[in-house]
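First comes the structure, then the notes that go with it.
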Amino acid sequence: MLEVYIYAHGTQVEEAVPSDVELVRDPEAYFSCLELRCDDIDKDLVRVIEEGTLLDGSRFLDRFGVTLYTQQLSTGCKAALMVNNSDKVIDLRECGVNAISAILSLCKSGRVAMTAPATDLEDFTNGSRVTVNVMGRVFHSMREVDAFLRGGVLW
């Protein structure tokens with residue numbers, strides 16, 4: 001299950017995260033220490049966020065077919081890959097809504113800290129069920145997650 005810790009704009013992320021877990025505030029800096037599994041979720045994250053193809057743990061094809069190193073991925077994609085490949089809480093403050101949407105849609109496990117998004121989230125599940133725990137409340141569809149994060153109202 002993906003665990004989501006929400007913190008308000010202008011507050012410290014540490015206030016929302018349990019003290020017994022390691023928090024990664026800077027995904028860019030930590031990414032070089034990460035070993036990718038290159039599983040289907042990693043491949044889907046790169047496909048959705050970068051419109052690219054993950055080749056192996058160190059290379060990907062970008063949207064133009066150019067082979068680049070994974071260090072050249074966007075910060076949002078690096079954060080998403082860290083969520084899927086780490087047991088640490090990843091701070092998503094540097095991520096765009098596309099990366100946040102991909103993480104919430106595609107990551108089956110992991111932990112993130114984030115502020116509530118200002119815009120609607122995209123659903124990359126292709127109708128699949130999600131299991132996302134937002135501050136102790138479990139949701140099983142991206143529609144529910146988006147509604148809750150955008151105001152706590154479920155249709």
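The values are calculated or read from the model by the stated rules, or taken from the named source; none is laboratory data. Every value quoted in this text rests on a predicted model; they were computed, and no experiment measured them. Methodologically, a virtual Cβ is constructed for each residue, glycine included, from the backbone with ideal geometry; neighbour enumeration extends over all protein chains shown. Surface areas here come from the heavy atoms of the whole protein model, side chains and all, with no ligands, DNA or RNA. Shrake-Rupley method; radii C 1.70, N 1.55, O 1.52, S 1.80 Å.
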* Could you work out the relative contact order of the chain, using alpha carbon pairs under 8 angstrom and six or more residues apart, expressed as a whole percent? => 28
* **Net charge, ALA102 excluded, C-beta distance under 11 Å - Lys, Arg +1, Asp, Glu -1** => -3
* Could you run the Karplus curve 6.51 cos²θ - 1.76 cosθ + 1.60 with θ = phi - 60° over the range 37-49 and give me ³J(HN,Hα) per residue in whole Hz, x for Gly and Pro? => 7, 6, 7, 4, 5, 4, 5, 5, 4, 5, 4, 6, 7
* Out of the DSSP beta bridges found with both residues in the chain, what percent are antiparallel (nearest 5)? -> 40
* Asked: Sorting TYR30, TYR5 by accessible area (1.4 Å probe), largest first, what list results?
  -> TYR30, TYR5
* Asked: Which residue, LEU81, LEU106, LEU55, has the most motion in a Gaussian network model of the chain that connects Cα atoms within less than 10 Å?
  -> LEU55
* Asked: Which value in nm describes the separation of the simple spin-label points at ASN133 and ASP20, placed 7 Å from the Cα toward the beta carbon?
  -> 1.2
* Using only protein heavy atoms and a 1.4 Å probe, report how much of SER74 is accessible, in Å² to the nearest 10. => 40
* Structure fact -> For the chain, the accessible surface attributable to carbon and sulfur atoms (probe 1.4 angstrom, ligands and nucleic acids excluded) amounts in percent to 47
* Check: the chain dipole with +1 on Lys, Arg Cβ and -1 on Asp, Glu Cβ, in debye -> 240
* To do: Subtract the Cα-Cα distance of GLU122 and ILE6 from 0.36 nm times their separation in residues, and report this length gain in nm to one decimal.
  => 39.9 nm
* Structure fact -> GLU51 and ARG93 label points (each 7 Å along its Cα→Cβ direction) are spaced in nm at 3.0
* Structure fact -> Cross-link reach from LYS43 to lysines, straight Cα distance under 20 Å and at least 8 residues apart if same chain, gives LYS78, LYS108
* To do: Quick one: net charge around VAL48, please, counting Lys, Arg +1 and Asp, Glu -1 for every other residue with C-beta under 13 Å from its C-beta.
  => -4
* With no solvent and one point on each alpha carbon, what is the Debye value of log10 I(q)/I(0) for the range 1-85 at q = 0.20 Å⁻¹? -> -0.91
* Structure fact -> Residue separation between SER32 and SER141 times 0.36 nm, minus their alpha-carbon distance, gives in nm 36.0 nm
* Structure fact -> The answer for the net charge of residues other than SER86 whose Cβ lies under 13 angstrom from its Cβ, with Lys and Arg +1 and Asp and Glu -1, is -2
* **1.4 Å probe accessible area per residue over the range 60-155, in Å²** => 46
